[in-house]
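The values are calculated or read from the model by the stated rules, or taken from the named source; none is laboratory data. Just so it is clear, the model here is predicted, and its values are computed rather than measured. Virtual Cβ from ideal backbone geometry, glycine too; neighbours counted across all protein chains shown. Areas reflect the complete protein model, heavy atoms only, side chains present, ligands, DNA and RNA absent. Shrake-Rupley method; radii C 1.70, N 1.55, O 1.52, S 1.80 Å.
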Amino acid sequence: MTLAIEAHGLTKRFGKTQALAGVDLEVEQGRVLGVLGPNGAGKTTAVRILATLLRPDGGTARVAGHDVLSDPKGVRRVIGLTGQYASVDEELSGIENLVLIGRLLHLGSRAARTRGEELLREFDLTDAAKRQVKTYSGGMRRRLDLAASLIGRPEIVYLDEPTTGLDPAKRDDVWEMVRTLTRLGTTVLLTTQYLEEADALANEITVIDHGRVIAHDTPQGLKRQVGGQTLEVRPVDPADIERVRPLLARLGTREVEQPAPDQLAVPVADDGALTAIVSALATERIAVSELALRLPSLDEAFYALTGQRASDETDAGDRTGTRTDDKEEEAA
């Protein structure tokens, strides 16, 4: 196993606030690690340390073999970073922004323009290439910012809430680009407030709360940690609900729930419950329009681990307009 990112015992304090209290992170080469946590948990602080934008108070971190403290230039040569908010120059056009970054990365002028035009096509910005960025919508700026982080074809990409402000269609485009990057061997560290994003993209997920890692596993593993599977049945005839209820009660580990007027659900111990309910329904001649055995959602797992819904985190950010991590760092 080759580790692209390896951090142990990272600590960081801003005044009285302990932003990180001994965080360990490991990302295998060519994989996607999703970092989740409530607002202010320390996710952005960790990313900024790994990008050499902040010095840790304690701990060690290596990125592609380069120590973030003793070899920051080596780290910067191999990474791309997209922060929570677009950081492009509003007075320049889209193509001028990308060419500028390419030239700063020591690409020749022709190579920088070629790469910039390629990325503008990929992010559907070709028609706006020569317009000043201050005329772009928020979603367009976000896409340009993402393109800028990829101009140098980095080995490792940090995506700090990369799809904030994008509509669902453009979010899907970014997801596909992340998948393409990993197919090409790029390593991705992703922080996100969208749990479906982590579920769709991450090979593994690290959950941080109050500056500490409280869980690490695959998305499926995290779901299994917080509870077993749930068996759901929706009969074709709603009048059959009461006939289905005792069948589920015999298989469940807790009381049968009724999440909808025409649906019943019950937690079960193992996969065998699905076979058993199919047989029981057939014996009773009860037709169903929906039959499913599912793990808890990642949102349910997140709530069980942190005590907060993902939507709580989103709402907090929307109300304040500033992430807690940002406030902590500004205080320093």
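Worth pointing out:
- Relative contact order [Cα under 8 Å, 6+ residues apart], region 6-73, whole percent: 36
- For the chain: Kirkwood Rh in Å [reciprocal of mean 1/r, alpha carbons]: 22.0
- Portion, in percent, of the accessible area of the chain that falls on carbon or sulfur, probe 1.4 Å: 48
- Cα-centre dipole for region 149-290 with unit charges at Cβ (Lys and Arg positive, Asp and Glu negative), debye to 20: 280
- Protection proxy ranking of 275-287, 206-218 - average other beta-carbon atoms within 10 Å, highest first: 206-218, 275-287
- Rg(Cα)/(2.2 N^0.38 Å) for region 198-254, N = residue count: 1.73
- D127-D71 FRET efficiency (beta carbon distance; Förster radius 51 Å; 0.05 resolution): 0.80
- Computed per residue of the chain from DSSP H runs no shorter than four, each worth -39500 (n - 2.57), the mean residue ellipticity at 222 nm is -12000 deg cm²/dmol.
- Using only alpha-carbon positions in region 11-156, the gyration tensor eigenvalues give semi-axes of 31, 18, 13 Å once each is multiplied by 5 and square-rooted (largest first).
- Angle in degrees between helix 168-183 and the longest Cα principal axis of the chain, rounded to the nearest 10: 70
- Normalised by 2.2 N^0.38 Å, where N is the number of residues, the alpha-carbon radius of gyration of region 76-183 equals 0.97.
- Translational diffusion of region 1-88, µm² s⁻¹ [Kirkwood Rh, Cα pairs; Stokes-Einstein; 4 °C; 1.567 mPa s]: 96
- For the peptides 53-62, 127-136, the ranking by packing is 53-62, 127-136, with the highest mean count of neighbouring Cβ atoms within 10 Å listed first.
- Fraction of antiparallel bridges per DSSP, region 1-107 only, in percent to nearest 5: 100
- Normalised contact order of region 1-143, rounded percent, pairs of Cα under 8 Å and 6 or more residues apart: 19
- Region 183-300 - Debye-derived log10 I(q)/I(0), Cα point model, q = 0.10 Å⁻¹: -0.42
- Nitroxide proxy distance, nm - points 7 Å out along Cα→Cβ at R55 and A292: 5.2
- Order by protection proxy (mean Cβ within 10 Å, highest first), peptides 296-304, 19-27: 19-27, 296-304
- Efficiency of FRET from Cβ geometry, E255 and S87, R₀ 51 Å, rounded to 0.05: 0.50
- Flagged links, alpha-carbon separation over 24 Å, of K134/K170; K12/K73; K16/K223; K43/K223: K16/K223
- C-alpha long axis of helix 310-320 to longest principal axis of the chain, angle in °: 40
- Rounded, prolate or oblate (a/c below 1.5 giving rounded, otherwise prolate when a/b exceeds b/c) for region 153-202 by Cα gyration tensor: prolate
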